[in-house]
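The values are calculated or read from the model by the stated rules, or taken from the named source; none is laboratory data. All values derive from a computational prediction rather than experimental measurement. Please note: Cβ atoms are built from the backbone with ideal geometry, for glycine as well, and neighbour counts cover all protein chains shown.
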Amino acid sequence: MGFRYVLGGFGAACAAWGGWLLFSQPEPWRIAVWLGAAVVVHDGLVAPLVMALAVLVALAGLRLRGVVRAALAVAGSLTVIALPPLLRPAGVANPTVLPLDYPRNWLLAMAAIALLTVAHVGARAAARRVRRRH
Amino acid sequence: MRFTLPSRPPVTFKARLHDARTATAIGRWLGLAMAVCFATGVLSHYLQHPPGWLADRLPSRPYWGYRLTQGLHVASGIAAVPLLLAKLWAVYPRLFAWPPVRSALHALERISVAVLVAAGLFELFTGLLNTFQWYPWPFNFVPVHYAVAWLLLGSLILHVAVQWPKIRDHFTLRSPGTLALPEADGPDRRQLLLGVTAAVGAVTLTTVGQSVTALAPLELFGPRSPSHGVQGLPVNRTATAAGVTEASLADWRLTVDGPRPYTLTLDGLRAMPQHEVTLPIACVEGWSKSAHWTGVRVRDLLERAGGGPGARARVVSVEAAGAYRVMEMGRLYAQDPLTLLALRLNGEVLSLDHGYPARIIAPNRPGVLQTKWVGRLEVV
């Protein structure tokens, strides 16, 4: 019990130090707006969207749920990290920044995920059919 | 008018796996990623902005140290993206806990969780955008990313302390809390965790090529690629961005200041003993690549100006402005035989974008401190 209070106190002290560092920045309220916006955008937009997708995954039935969910998790995560290079406004006169063809790479990744998912589901269905026949 | 809470919550969740075992299983990996990210980030912060008492104690070895730690910093941050999203999905129903506040202590706990979520999302968002040199916000990235890192670490430790009984009760498959959950959820949860693991693997493999050159062929979404560069090396700040042109370097001289000051032309520098080293450029934005450098040892230049074995260096670029125009170099860096004032890169004369006519290359240091277009060296 005592250990939890010590740990919690240490955590609160670190957070307070961070808060003080933030507060000593010029116009700290602007940073607070961005911090608050992060929560609002996630809890109000991203999370409900994911919950809605999860309902669709549940409709897929027990047998397919796992693989469909994994495919969506991979596709969603790759899309999140691909958004900055896809959306970043151009105008850097430095050809070594953003040197790749990001739209093409994103499409390639999505196609690969779809292909792997279909192949996986197909292979499992085939295996089941073989088992049933014997 | 009195306001009474409805006795039933307005939102309920029937979906499964929003339980403490799922949160614990994902949370410990997320906690580990954030711990690595914090430790490597603080290290990078002090390497880049060392306080006076530390400057002479910063080690120049291992020469690949910063390449490893900053590569880890960015990779652990990217790996934390799917982990954080999955963790927040698992605990999302708790946002609608009913009644919203039970006591003052409960209110404080909920506020600390809000701070934790805000700081976590903020750090991953700003960090990821920084690797793309994209700054759409109205504040200075470095001090704010650093301050929120402490906010995140602190609220994370506090969160672990508050949730400790639950974490302990769900830590393993045989823990009492895990066993009390519906048995039918077991295989479903395992598949969920496999999916999250696949997502972590996917985001890592498609970006880590920016720092692990051998994995460059797998890189799809990194902001830099080791295979795209001038003279085999990416450029962080171009000569154009720094306002340096061939014309502005027409009567370039290296001035070395100290007890016995002197100046050197480029031919004079080329006439001094040349050394070849293989050192990586490791950028604070996570990318890194090794290269062959040829030039004069900084140690030799300082010694010729009367600097003793304890001499430090101040290096000044000819660029007109820039946050790192003047760079201080601690004793261990300045005296390391690997630290060069380089004139050649991968067998060719330095290109203008890589710092022609002369640039610093030192082991175990952030890329922004590898000063380009050096015009002045001072014994300190």
Scanning the stretch B:329-357 for residues that are in contact (Cβ under 8 Å) with a residue 40 or more places away in the chain, surrounded by 24 or more Cβ atoms within 10 Å (Cβ to Cβ) and more than 17 Å from B:Arg312 (Cα to Cα) gives B:Ala342, B:Leu345, B:Asp353, B:His354
Quick one: count up the residues across the stretch A:42-70 that are under 19 Å from B:Leu83 (Cβ atoms) and at the interface with chain B (Cβ under 8 Å from one of its Cβ atoms).
10
From A:Ala82, A:Ala38, which residue is within 27 Å of the chain's Cα centre (by Cα), closer than 30 Å to B:Ser225 by Cα and not assigned by TED's automatic domain parsing to the domain that holds A:Leu116?
A:Ala38
Within the bounds of the stretch B:270-280, is there any residue that is polar (S, T, N, Q), assigned to a strand (DSSP E or B) and either modelled with pLDDT under 95 or within 29 Å of B:Gly222 (Cα to Cα) (or both)?
yes
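Give me the residue from the stretch B:193-209 that is at the interface with chain A (Cβ under 7 Å from one of its Cβ atoms) and more than 18 Å from the chain's Cα centre (by Cα) and, out of that set, farthest from B:Arg224 (Cα to Cα). Step through it out loud before you land on a result.
We begin by selecting, within the stretch B:193-209, every residue at the interface with chain A (Cβ under 7 Å from one of its Cβ atoms); these are B:194-196, B:198-199, B:202-203, B:206-207.
The next check asks that each one be more than 18 Å from the chain's Cα centre (by Cα); those that pass are B:194-196, B:198-199, B:202.
Details: B:Leu194: 29, B:Gly195: 28, B:Val196: 26, B:Ala198: 23, B:Ala199: 21, B:Ala202: 18 Å.
Taking the candidates together, the pick is B:Leu194.
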Quick one: B:Lys166 ticks every box in (1) of a type in the set (Lys, Arg); (2) facing another protein chain (nearest Cβ under 7 Å); (3) more than 21 Å from the chain's Cα centre (by Cα) bar one, so which box is it?
(2)
Here are some conditions: (1) at pLDDT below 95; (2) in a loop (DSSP other than H, G, I, E, B). A:Val67 meets all but one. Which one does it not meet?
(2)
Give the stretch A:33-62 a look and list any residue that's without any contact (Cβ under 8 Å) to a residue 24 or more places away in the chain, within 16 Å of B:Ala90 (Cα to Cα) and surrounded by 13 or more Cβ atoms within 10 Å (Cβ to Cβ), or say none.
A:Val39, A:His42, A:Asp43, A:Val46, A:Ala47, A:Met51, A:Leu53, A:Ala54, A:Val57, A:Ala58
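Each row is one residue, and each column tells you yes or no for (1) surrounded by fewer than 16 Cβ atoms within 10 Å (Cβ to Cβ); (2) of a type outside the set (Ser, Thr, Tyr); (3) assigned to a helix (DSSP H, G or I); (4) within 12 Å of chain A (Cβ to nearest Cβ).
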| site | (1), (2), (3), (4) |
| --- | --- |
| B:Thr22 | no, no, yes, no |
| B:Ile26 | no, yes, yes, yes |
| B:Val42 | yes, yes, yes, yes |
| B:Trp53 | yes, yes, yes, no |
| B:Thr69 | no, no, yes, no |
| B:Gly77 | no, yes, yes, yes |
Checking A:Gly91 against (1) more than 16 Å from the chain's Cα centre (by Cα); (2) at pLDDT 95 or above; (3) farther than 24 Å from B:Val208 by Cβ, which single condition isn't satisfied?
(2)
Of the criteria (1) at the interface with chain B (Cβ under 8 Å from one of its Cβ atoms); (2) surrounded by 14 or more Cβ atoms within 10 Å (Cβ to Cβ); (3) at pLDDT below 95, which one A:Leu22 fails:
(3)
Return the only residue of B:Arg237, B:Arg224 being under 19 Å from the mean Cα position of the chain (by Cα), of a type in the set (D, E, K, R) and more than 7 Å from chain A (Cβ to nearest Cβ).
B:Arg237
Determine whether B:Leu249 is out of contact with any helix residue (DSSP H, G or I) (no Cβ under 6 Å at 6 or more places or on another chain), in contact (Cβ under 8 Å) with a residue 24 or more places away in the chain and not assigned by TED's automatic domain parsing to the domain that holds B:Gln370.
no
Can you pull out every residue in the stretch B:247-267 that is in a loop (DSSP other than H, G, I, E, B) and at pLDDT 95 or above?
B:Trp252, B:Arg253, B:Gly258, B:Pro259, B:Arg260, B:Pro261, B:Thr265
When you look at B:Tyr92, is it hydroxyl-bearing (Ser, Thr, Tyr) and within 7 Å of chain A (Cβ to nearest Cβ), yes or no?
yes
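Buried (at least 19 other Cβ atoms within 10 Å of the Cβ), of a type in the set (Ser, Thr, Tyr), farther than 25 Å from A:Gly18 by Cβ and more than 10 Å from chain A (Cβ to nearest Cβ): does that describe B:Thr178?
Details: buried (at least 19 other Cβ atoms within 10 Å of the Cβ): yes; of a type in the set (Ser, Thr, Tyr): yes; farther than 25 Å from A:Gly18 by Cβ: yes; more than 10 Å from chain A (Cβ to nearest Cβ): yes.
Yes: the conditions hold for B:Thr178.
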Hey, could you check the stretch B:99-132 for residues that are farther than 21 Å from B:Leu88 by Cα and surrounded by fewer than 16 Cβ atoms within 10 Å (Cβ to Cβ) and say which is farthest from the other protein chains (Cβ to nearest Cβ)?
B:Arg102
For the list (1) outside any helix (DSSP H, G or I); (2) under 20 Å from B:Pro363 (Cβ atoms), I need the number of the one condition that B:Pro99 fails.
(2)
I'm trying to understand the selection: among the residues of the stretch B:203-215, which are surrounded by 18 or more Cβ atoms within 10 Å (Cβ to Cβ) and without any contact (Cβ under 8 Å) to a residue 60 or more places away in the chain?
B:Thr206, B:Gly209
Examine the stretch B:290-303 for a residue that is in contact with a Ser or Thr (Cβ under 8 Å, 6 or more places away or on another chain), more than 14 Å from chain A (Cβ to nearest Cβ) and assigned to a loop (DSSP other than H, G, I, E, B), and state whether such a residue exists.
no
Considering every residue within the stretch A:95-104, establish whether at least one is touching a helix residue (DSSP H, G or I) at 6+ places or on another chain (Cβ under 7 Å), in a helix (DSSP H, G or I) and either within 9 Å of chain B (Cβ to nearest Cβ) or more than 19 Å from B:Val81 (Cβ to Cβ) (or both).
yes
